[in-house]
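Scroll down for the structure; my scribbles are underneath it.
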Amino acid sequence: MSAYGALAGGYDALTRDIPYGRLADYCEAVFAADGGEFRLLLDLCCGTGSLTLELASRGYDMIGADASADMLMEAMKKAAAPGFAARPLFINQAAQELDLYGTVDAAVSSLDSLNYVPPRELREAFRRLRLFIRPGGLLLFDLRTPEFLRSMDGSMSMDETEDVFCVWRGRYDAEAGALRYGMDIFEREGESWLRSG
């Protein structure tokens, strides 16, 4: 099972507070300020495709790429919902292995997704983005700072819904310069809870 296998089914419920509409508004404001033509977009590290689908519903041709097949399965289920006409192309590719058939007008990577690319492979991820974003196109992304990652050492947080309960524990690895998460996920199955993590 992938690192996101157990999390994929409950991810949207656990992150229901994320303002995907406002993220899409921000992307559109940047596109408008640039003045270029932006039609074909890549949502890199798209997870369950919430931002991908939000942008698709606004008329953009979307490609969603993610390293987790489990998260992409959730994205494809949402895209197959009745009444959703603009179906994105979802591809199972890690950022550092990105291989598109052509170029996109812009790529977005939100919610500090690029922080999950191993540091030694981040340069390759940016090299591939440069290759697959058209000349004059845009890359919109956010990252957590090393200071933030260090501050999360020893942290613990919980997220819950009626059917999913998740405990996150952070440990900062100074040698790797990385924050490592441990997760315990409990999913309701009838009267019982199934633990994975």
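The values are calculated or read from the model by the stated rules, or taken from the named source; none is laboratory data. Source: prediction; values computed, not measured. Calculation scope for accessible area: heavy atoms of the full protein, side chains included, ligands and nucleic acids excluded. Shrake-Rupley method; radii C 1.70, N 1.55, O 1.52, S 1.80 Å.
Worth pointing out:
- Cα shape, the stretch 101-162, gyration tensor, a/c 1.5 rule: prolate
- Among Gly137, Gly83, Gly59, residue whose mean-square fluctuation peaks in a GNM of the chain (springs only between Cα atoms under 10 Å): Gly83
- Legend: Rg and Dmax of the stretch 41-83, from Cα coordinates, 9.5, 27 Å.
- Kirkwood estimate for the stretch 87-197, i.e. one over the average of 1/r between Cα atoms, Å: 16.7 Å
- Reduced Cα scattering model of the stretch 131-192, Debye log10 I(q)/I(0), q = 0.18, 0.23, 0.29 Å⁻¹: -0.77, -0.90, -1.15
- The GNM of the chain, with springs linking C-alpha atoms under 10 angstrom apart, assigns the highest mean-square fluctuation among Ala67, Ala81, Ala107 to Ala81.
- Each part reduced to its alpha carbon centroid, the stretch 165-191 and the stretch 96-157 end up 21 Å apart.
- P(r) tail, the stretch 28-133: Cα-Cα pairs separated by more than 18 Å, 46% of all pairs.
- Among the protein heavy atoms of the chain, carbon and sulfur supply 52% of the accessible surface, probe 1.4 Å, non-protein parts ignored.
- Cα gyration tensor, the chain - rounded (a/c under 1.5), prolate or oblate: oblate
- Scalar couplings 3J(HN,Hα) for the stretch 27-37, obtained by applying the Karplus form with A = 6.51, B = -1.76, C = 1.60 to θ = phi - 60°, are 4, 5, 5, 5, 4, 5, 5, 5, x, x, 9 Hz; x denotes Gly and Pro.
- Diffusion coefficient, µm² s⁻¹, Stokes-Einstein with Kirkwood Rh over alpha-carbon pairs of the stretch 78-130 at 10 °C and 1.306 mPa s: 122 µm²/s
- Counting only DSSP H runs of at least 4 residues, each contributing -39500 (n - 2.57), and dividing by the residue count of the chain, the helix-based mean residue ellipticity at 222 nm comes to -9500 deg cm²/dmol.
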